[in-house]
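Notes to accompany the following structure.
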Amino acid sequence: QVQLVESGGGLVQAGGSLRLSCAASGRTFSRYVVGWFRQAPGKEREFVATINWSGSSTYYADSVKGRFTFSRDNAKNTVYLQMNSLKPEDTAVYYCAARPWATMSRIINEYNYWGQGTQVTVSS
């Protein structure tokens with residue numbers, strides 16, 4: 001089991017940047033696949049990005065490809081989502097999720113553990 005805590009959300013203007021962090025407990029975090037998901041009010045939760053155990057491989061939703069960068073620092077038990085060129089449609093609560101001893105996935109119900117979320121608001 002792992003506990004996840006997101007941070008770094010806030011209010012930015014369109015075209016701006018934010019870096020989200022997700023800090024994890026547990027010494028086995030380095031063997032967990034991690035994903036980022038987001039959910040806007042009245043919308044379904046959607047996939048954003050996923051990263052493998054070592055951080056050497058990532059996969060992004062088409063809507064954020066080229067603008068967002070997923071990375072991890074296993075020594076710090078932390079993953080990061082660098083968000084550049086933000087658009088109003090990026091406004092949502094962003095969640096990190098973990099999947100132990102598995103492969104990368106964009107499927108919500110394949111992730112076992114979830115953080116509480118952090119709000120990102122992009123004004124036009």
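The values are calculated or read from the model by the stated rules, or taken from the named source; none is laboratory data. None of these values were measured; they are calculated from a predicted model. Glycine gets a Cβ as well: all are built from the backbone with ideal geometry, and neighbour counts include every protein chain shown. With ligands, DNA and RNA removed, areas are computed over all heavy atoms of the protein, side chains included. Shrake-Rupley method; radii C 1.70, N 1.55, O 1.52, S 1.80 Å.
The figures follow:
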quantity	calculated
Solvent exposure, largest accessible area first (probe 1.4 Å, DNA, RNA and ligands not counted), of Asp62, Asp73, Asp90	Asp62, Asp73, Asp90
Förster radius 30 Å - calculated FRET efficiency between Arg67 and Val5 (Cβ-Cβ, nearest 0.05)	0.80
Label-point separation, Ala40 to Gln119 (7 Å along Cα→Cβ), nm	1.6
Residues whose placed amide H lies under 5 Å from that of Tyr59, excluding near-sequence neighbours	Thr50
Lys76 paired with Thr103, simple spin-label distance in nm, labels 7 Å along Cα-to-beta-carbon	3.1
Cross-link partners of Lys43 among lysines (Cα-Cα below 27 Å; sequence separation of 8 or more within a chain)	Lys65, Lys87
3J(HN,Hα) from dihedral phi, the range 17-28, Karplus parametrisation 6.51/-1.76/1.60, rounded to Hz, x for glycine, proline	9, 9, 10, 8, 10, 9, 9, 10, 8, x, 7, 9
Neighbourhood net charge (10 Å Cβ-Cβ; Lys/Arg +1, Asp/Glu -1) for Glu46	+3
Over the chain, relative contact order from alpha-carbon pairs under 8 Å, at least 6 apart, %	37
Solvent-accessible area, 1.4 Å probe, carbon plus sulfur percent, for the range 6-84	46
Exposure ranking of Ile108, Ile51 by accessible area [1.4 Å probe, largest first]	Ile108, Ile51
Rounded accessible area of Val33 (nearest 10 Å², 1.4 Å probe)	0
Surrounding net charge for Tyr59, when Lys and Arg each add one and Asp and Glu each subtract one, Cβ distance under 10 Å	+2
Farthest toward positive dipole pole in the chain [+1 Lys/Arg, -1 Asp/Glu at C-beta], among Thr91, Ile107, Gly26	Gly26
In the range 10-111, the trypsin sites (Lys or Arg not before Pro) that fall in loop regions by DSSP, at most 11 other Cβ within 10 Å	Arg27, Lys43, Lys65
Percent of beta bridges antiparallel (DSSP, the chain, rounded to nearest 5)	90
Electrostatic dipole magnitude of the chain [Cβ: Lys, Arg +1; Asp, Glu -1; Cα centre; debye, to 20]	240
Electrostatic dipole magnitude of the range 1-74 [Cβ: Lys, Arg +1; Asp, Glu -1; Cα centre; debye, to 20]	100
